[in-house]
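The values are calculated or read from the model by the stated rules, or taken from the named source; none is laboratory data. As the structure is a computational prediction, the values presented were derived from the model and not from experiment. Positions of Cβ are generated from backbone atoms using ideal geometry, with glycine treated the same way; all protein chains shown enter the neighbour counts. For the accessible areas, the whole protein counts, side chains as well, though only heavy atoms, and no ligand, DNA or RNA atoms are used. Shrake-Rupley method; radii C 1.70, N 1.55, O 1.52, S 1.80 Å.
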Amino acid sequence: MEQDVLSWLLSQLGPTTDADDLATRYQRLGTARAVALEVLAERRARLLADPLRMTVDGVVTLDQSNNLTGTERLLAALADEPGPDEAPASEGDTVPELVAVPVLRARRRW
């Protein structure tokens, strides 16, 4: 994996993310965006596996719902954004559709 791809992944997932794990996933999945989506989906699943909010009256309140919302926003943003190893889809890069039509005379002449 190239350094710019690793830097992009770390900027999306956080600097404490294991680079070796990212390299292994990148080799298996092929694109940086797929790696980021997989890691974020796993984080989302971990958040959903535990209670999002826990309160011990008068002692402590733990609320993970904002973390879940932020993770879901990152997943949605990455689904539309190309990664550093993908060509950006711009409107000027589209190839127009070519249609071939036979040309016929308007009237038949006898």
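State whether one or more residues within segment 45-65 are aliphatic (A, V, I, L, M), touching a helix residue (DSSP H, G or I) at 6+ places or on another chain (Cβ under 8 Å) and under 23 Å from LEU6 (Cα atoms). Checking segment 45-65: not a single residue is aliphatic (A, V, I, L, M), touching a helix residue (DSSP H, G or I) at 6+ places or on another chain (Cβ under 8 Å) and under 23 Å from LEU6 (Cα atoms).
Could you say whether any residue in segment 85-96 is of a type in the set (Gly, Ala, Ser) and surrounded by 13 or more Cβ atoms within 10 Å (Cβ to Cβ)? No; the residues of segment 85-96 include none that is of a type in the set (Gly, Ala, Ser) and surrounded by 13 or more Cβ atoms within 10 Å (Cβ to Cβ). Determine if segment 54-75 includes at least one residue that is within 18 Å of the chain's Cα centre (by Cα), within 25 Å of ALA87 (Cβ to Cβ) and touching a residue at least 60 places away in the same chain (Cβ under 8 Å). For segment 54-75, residues within 18 Å of the chain's Cα centre (by Cα), within 25 Å of ALA87 (Cβ to Cβ) and touching a residue at least 60 places away in the same chain (Cβ under 8 Å): present.
Taking segment 12-24 as the range and being surrounded by 12 or more Cβ atoms within 10 Å (Cβ to Cβ), within 13 Å of LEU74 (Cβ to Cβ) and out of contact with any helix residue (DSSP H, G or I) (no Cβ under 9 Å at 6 or more places or on another chain) as the test, no residue passes. Taken together, the criteria place ARG33 among residues that are in contact (Cβ under 8 Å) with a residue 40 or more places away in the chain, within 28 Å of ASP4 (Cα to Cα) and either hydroxyl-bearing (Ser, Thr, Tyr) or open to solvent by 50 Å² or more (accessible area, probe 1.4 Å) (or both).
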